[in-house]
Amino acid sequence: MKYESWQDESPILTSVRAFSAEALGAIGDRRAVEAIIQSVKEDVVKGVRWRSVFALGKIGEGDHSVTEVLIDALNNDLWVVRENAAKSLGNLVSIEAVEPLISLLGDKEWRVRKQAINALGKIGSDEAVKPLLRLLYDGDADVR
């Protein structure tokens, strides 16, 4: 799944990388973790990055390096990457992600806020209660 710039010329190769990441996550084989982390960090294609982040949430349980990459992805410029990073951290029930997820509750994109809420609910930290209560008054009905 290593990204190389010449691959940009072929949309088929982009799709192959994106769906390979998703399939590897579904299979759940931990041997894929390193390659998927590399895709998150290096691939320039949005679809590859968000699918790689999503895949890590399926196979990264108990792996500190996965948690670090996902927490880092919460700051990505693309909302779909932030959204899937939050979802993955919730799936991994990553207690160390509580504070970064709380920070995400103020994200401008409602889909990101919604996934941060879901993730915090799965993790179940008392630290998240007050910030979550404030979102009962969020301007977006999907978040409330």
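The values are calculated or read from the model by the stated rules, or taken from the named source; none is laboratory data. Just so you know, these numbers come straight off a predicted model, no measurement behind them. Reconstructed Cβ throughout: ideal geometry from the backbone, glycine too, with neighbour counts over all protein chains shown.
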The condition from (1) in a loop (DSSP other than H, G, I, E, B); (2) farther than 25 Å from Ser20 by Cβ; (3) at pLDDT 95 or above that Gly106 misses is numbered (3)
Only unsatisfied item for Glu83, checking (1) surrounded by fewer than 24 Cβ atoms within 10 Å (Cβ to Cβ); (2) closer than 22 Å to Ser15 by Cα; (3) at pLDDT 95 or above; (4) touching a Lys or Arg at 6+ places or on another chain (Cβ under 9 Å), is (1)
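Checking the conditions here, which among Leu89, Leu104 is touching a Pro at 6+ places or on another chain (Cβ under 9 Å), crowded, with 18+ Cβ neighbours inside 10 Å and touching a residue at least 24 places away in the same chain (Cβ under 8 Å)?
None of the others qualify; the one that does is Leu89.
Can you pull out the residues in the stretch 29-39 that are within 17 Å of Phe19 (Cβ to Cβ), surrounded by 19 or more Cβ atoms within 10 Å (Cβ to Cβ) and under 15 Å from the mean Cα position of the chain (by Cα)?
Kept after step one, since they are within 17 Å of Phe19 (Cβ to Cβ), are these residues of the stretch 29-39: 29, 32, 35-36, 38-39.
Cutting the leftovers down to surrounded by 19 or more Cβ atoms within 10 Å (Cβ to Cβ) gives us 32, 36, 39.
Answer for the stretch 29-39, where residues must be within 17 Å of Phe19 (Cβ to Cβ), surrounded by 19 or more Cβ atoms within 10 Å (Cβ to Cβ) and under 15 Å from the mean Cα position of the chain (by Cα): Ile36, Ser39.
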Checked the stretch 118-144 for anything surrounded by 20 or more Cβ atoms within 10 Å (Cβ to Cβ) and either modelled with pLDDT under 95 or not aliphatic (A, V, I, L, M) (or both); matches are Ala128
Scanning the stretch 108-144 residue by residue, the ones that are under 25 Å from Trp50 (Cα atoms) and among the polar types (S, T, N, Q) total 2
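Evaluate the stretch 65-79: report whether one residue or more is in a loop (DSSP other than H, G, I, E, B), without any contact (Cβ under 8 Å) to a residue 60 or more places away in the chain, hydrophobic (A, V, I, L, M, F, W, C) and surrounded by fewer than 19 Cβ atoms within 10 Å (Cβ to Cβ). Lay out the reasoning, then the answer.
Applying the first criterion (in a loop (DSSP other than H, G, I, E, B)) to the stretch 65-79 yields 74-78.
Then drop every residue that is not without any contact (Cβ under 8 Å) to a residue 60 or more places away in the chain, which leaves 74-78.
Within this subset, residues satisfying the condition of being hydrophobic (A, V, I, L, M, F, W, C) are 74, 78.
Among the residues that remain, those that are also surrounded by fewer than 19 Cβ atoms within 10 Å (Cβ to Cβ) are: 78.
The answer is yes; a qualifying residue exists.
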When the stretch 40-57 is checked residue by residue, the ones that are surrounded by fewer than 24 Cβ atoms within 10 Å (Cβ to Cβ), under 14 Å from Trp79 (Cα atoms) and aliphatic (A, V, I, L, M) are Val45
Looking at the structure I just gave you, is Ser88 part of a helix (DSSP H, G or I), closer than 22 Å to Glu34 by Cα and at pLDDT below 95? no
